[in-house]
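Beneath this line is the structure, given in structure tokens, with notes to follow.
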Amino acid sequence: MEAAVQAPRKSFIREWVMTVDHKKIGIMYGVTSLFFFLLAGLFALLVRTDLLVPSGLFSPQTYNEFFTMHATIMIFAVIIPLLTGAFGNYLVPLMIGARDMAFPRMNALSYWLYLASGVVLLFSMFFGMPDAGWTSYPPYSIQSQGPGIDLWVTAIHIAGLSSILGAINFVVTIHKMRAPGMTYNRMPLFVWSILVTAYMQIFGTPALAGAVTTLLADRHFGTVFYDATAGGDPMLYQHLFWFYSHPAVYIMILPGFGIISELLPVFSRKPIFGYHAIAYSSVAIGFLGFFVWAHHMFVAGMSMSAGIPFMISSLIIAVPTSVKIFNWLATMWRGAVDYTVPMMYASLGFIGSFIIGGFSGVIVAEVPLDMHLHDTYFIVAHIHYVLFGGSVMTIMAGLHYWFPKVTGRMFNTKLGHISFWFYFIGTQVTFFPMHLVGLAGMPRRYQSYLPEFQFWNDVSTIGSYILGVGTLIIIFNLFYSAKYGKKVGNNPWGARTLEWTISSPPPEHNFTELPVVTENPYQPYSPQEVEEVATA
Amino acid sequence: MVDAASWLPTELTPMSHSLDVLFDVALGVVTFFFVLVEVLLVTFLIRYRRTKTNQTGVNVHGNNRLEVIWTLIPAAILVCMGVYCVKVVYALQTPPAKPEVIKVTGHMWFWEFQYPNGLTTKNDLRVPAGENVLFEIHSADVIHGFYIPAVRIQQDALPGRQTEFWMNADTDKVGQVFDVPCDQFCGSGHPIMDAKMTVMSPADYEHWEQTQLQKQKQNSGQ
Ligand SMILES: [Cu+2]
Ligand SMILES: [Cu+2]
């Protein structure tokens, strides 16, 4: 036994701060972004609390800062770093049978840059928070006083750099470091999704950097990119911004799709249905994702008919997404479905909620309907069904699924199920009513509102408190169980990807001998082998 | 106690009616697929629940015919929706003949309206029923969103660029008042940037426009 040879205990600095091990970096990404998740959730609860009464409880300026911070932190400091930084870093080398990422030092650098960008956002809480929304449209964002927007731009810049470095690392690692026999068509579907995501980050992020750099220049260096009186054009910012930020929506959901594609076959004890369809539909989404950006701008000053090509591309992109949904359902068909906590998040939690966001997306993609629904609460409902009912559900599924691999222990199953129901019910109660007030014409980003909107706003606020409680239960369960949970073996779920063939937690360099791969990990289960898993 | 607003507001114009028909069709299509997916999901969860620890699923890797079916059917439906939408877009966009032109200017944080005879008002929009009205939309400062939920249309109000849309209020709505909120974030006054639009009979509208202009001239003459 390795454990018998007591290695001298490393100091915290040596073990974590100076580490270049992809697993440790992945854990640091995970813990840091869970901290920011709590912070962003707190801002969300403050936003919802303001909306309990039509007149609002906070001042408009405070409210504007709260929703700006909520969205900025959730997108740049929680969902993207959790899915790519935490899950991607921890899992990709293990899944493709590599000993680490291609550039371990650059990997550490991208984590520290991510942390720095988060710290800049934290700073803004003391020196002045940004108040222009996560979109930060000029000219308002140029006129906005105080250092808030400048700190925001700085944070976005650093986060973007971290993203690009991370993405380059994934691309090189996946193309170059696969174990013998791990052909592209044998790669786990999560790895496929990270590969596509990484390419999207590389191609999209520079546009965002350009948008925020010019914004900063307009604020301080006397340039007039967005000053209409001097011949500038505020719409240019919106084009640059959405050229990144629509793909960013897919950056925030594709890795989640990958997580779902790993979990469903394991908990259905069946091969994934349509491996190639799922892998190639990710590629299709990644490609099409760059041709839909102006669907955010149907009412922003372009003629209505100029929106038609973007409407068509936005409708087409629903096809590869629905292909995935049908393949996932078919994976469960005639399976042996186990109601584990991660499976609940993946099936009812993710599929059951995300499709609502997908379908409302088809509605707002239609130019004539967007004339009414744009910038109303219908959009807020749509984006939260995609990012919360979608991305966050996949994150929760993944956290519970890989928890025993990362810690060598099992979370408390009972608490896990309780937290799932808080999450599932909380999501519907919080976000579904937003469709209704949106249809009725309530605009978003309103600190106060007309009295007829109060009823459903109050329902939403109650839902958000349910989500808040659920979040605390999840975090408690995971951190408590990491220390005190029941010990588990290498492969408690009976999964097939390579990370489950080695110890939990995995040894420092993953594989003492590189595995030789002969088939993709989605093979049928024989009754004898599941008997072994059950008794192990 | 005010009623809870939870669906589309009043249809003010023939165009808002046809937009609602399009919405109902789109909602019908997505609801069909929503119910289909949820029913399959719950059915599979219940029907194929693992009851014995050594139970396994069937050995199936996929089915090309099914892949083709569930790629082509949604694609065909989306193409039909797209074609339908394109028709509506051109109907929406084509400006009507000889409209009453009202110039709309967004300010931080109020709406200014300028009528053809030169009258300007603040947050007070009046339109003649049964007549074509064209809004020419501008901004004096940051971006605002000129939005009339009852008409189902909005356009951003931009500095240095004109946007527009038109409407034709139903004559049976004379006397009713509608909200005209700002729908593009514009700072701390964003939620209170709410004009009211009153639908008037053409004669009353004409009369109002003249008398208001007189009043305005007298006031400024003093
Ligand atoms: Cu988009
Ligand atoms: Cu405004």
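Data overview
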| read-out | value |
| --- | --- |
| Number of partner chain Cβ atoms within 10 Å, mean per residue of A:304-313 | 4 |
| Exposure of B:D141 as accessible area (Å², to 10), given a probe of 1.4 Å and all protein chains | 40 |
| Long-range tail of P(r) for the stretch A:1-130 (Cα pairs > 24 Å, %) | 44 |
| Accessible surface, per residue, of the stretch A:28-535 when the full set of protein chains is kept, probe 1.4 Å, Å² | 31 |
| Shielding by partners, peptide A:317-324 (average Cβ within 10 angstrom, other chains) | 4 |
| Solvent-accessible surface ranking, highest first, for A:H220, A:H384 at 1.4 angstrom | A:H220, A:H384 |
| Pairwise burial B:A, computed as accessible area of each alone minus the pair, summed, 1.4 Å, Å² | 7800 |
| Where the stretch B:100-220 is the region considered: accessible area per residue in Å², 1.4 Å probe | 36 |
| C-alpha long axis of helix A:275-288 to longest principal axis of chain A, angle in ° | 30 |
| Rounded accessible area per residue of the stretch B:14-93, 1.4 Å, Å² | 56 |
| Accessible heavy-atom area order of B:K196, A:K324, highest first, probe of 1.4 Å | B:K196, A:K324 |
| Rounded to 10°, Cα long-axis angle of helix A:393-407 versus longest principal axis of chain A | 30 |
| Sparse-neighbourhood loop sites, chymotrypsin sites (Phe, Trp or Tyr not before Pro) in the stretch A:302-354 - DSSP loop, at most 14 other Cβ within 10 angstrom | A:Y339 |
| Cα centroid separation - the stretch A:368-426 against the stretch A:15-36, whole Å | 22 |
| At least 50 Å² accessible surface lost relative to isolated chain, residues of the stretch B:181-222 (1.4 Å probe) | B:D183, B:Q184, B:F185, B:S188, B:P191 |
| Calculated [θ] (222 nm, deg cm²/dmol) that DSSP helices of n ≥ 4 give over the protein assembly as shown, each run adding -39,500 (n - 2.57) | -18500 deg cm²/dmol |
| FRET efficiency, 1/(1 + (r/R0)^6) with R0 51 Å, evaluated for A:K483 and B:D172 via beta carbons | 0.15 |
| Shielded by partner chains, the stretch B:89-104 residues - at least 10 Å² of accessible area, 1.4 Å probe, vs chain alone | B:V89, B:Y90, B:L92, B:Q93 |
| DSSP-loop GluC sites (Glu not before Pro) across the stretch A:415-523, with at most 15 other Cβ within 10 angstrom | A:E508, A:E513, A:E519 |
| Accessible surface ranking that places the most exposed of A:R269, A:R186 first, with a 1.4 angstrom probe | A:R186, A:R269 |
| Tilt relative to chain A, helix A:148-176 - C-alpha long axis, 0 to 90 degrees, to 10 | 30 |
| Exercise: per-residue mean of other protein chain Cβ atoms within 10 Å, A:272-281 | 3 |
| Accessible carbon and sulfur surface of the protein assembly as shown relative to its total accessible area, %, 1.4 Å | 66 |
| Extension gain (nm, one decimal) between A:Y280 and A:I202, 0.36 nm per residue minus Cα-Cα | 26.1 nm |
| Descending Cα extents along the principal axes, the protein assembly as shown, whole Å | 99, 54, 46 |
| Cleavage-rule hits (chymotrypsin sites (Phe, Trp or Tyr not before Pro)) in the stretch A:146-252: DSSP loop, at most 14 neighbouring Cβ within 10 angstrom | A:F221 |
| B:T211 - accessible surface, heavy atoms, 1.4 Å probe, Å² rounded to 10 | 50 |
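The values are calculated or read from the model by the stated rules, or taken from the named source; none is laboratory data. This one's a predicted model, so the numbers in the text were calculated from it and none came from an experiment. Neighbour counts run over all protein chains shown; Cβ positions are idealised from the backbone, glycine included. Areas reflect the complete protein model, heavy atoms only, side chains present, ligands, DNA and RNA absent. Shrake-Rupley method; radii C 1.70, N 1.55, O 1.52, S 1.80 Å.
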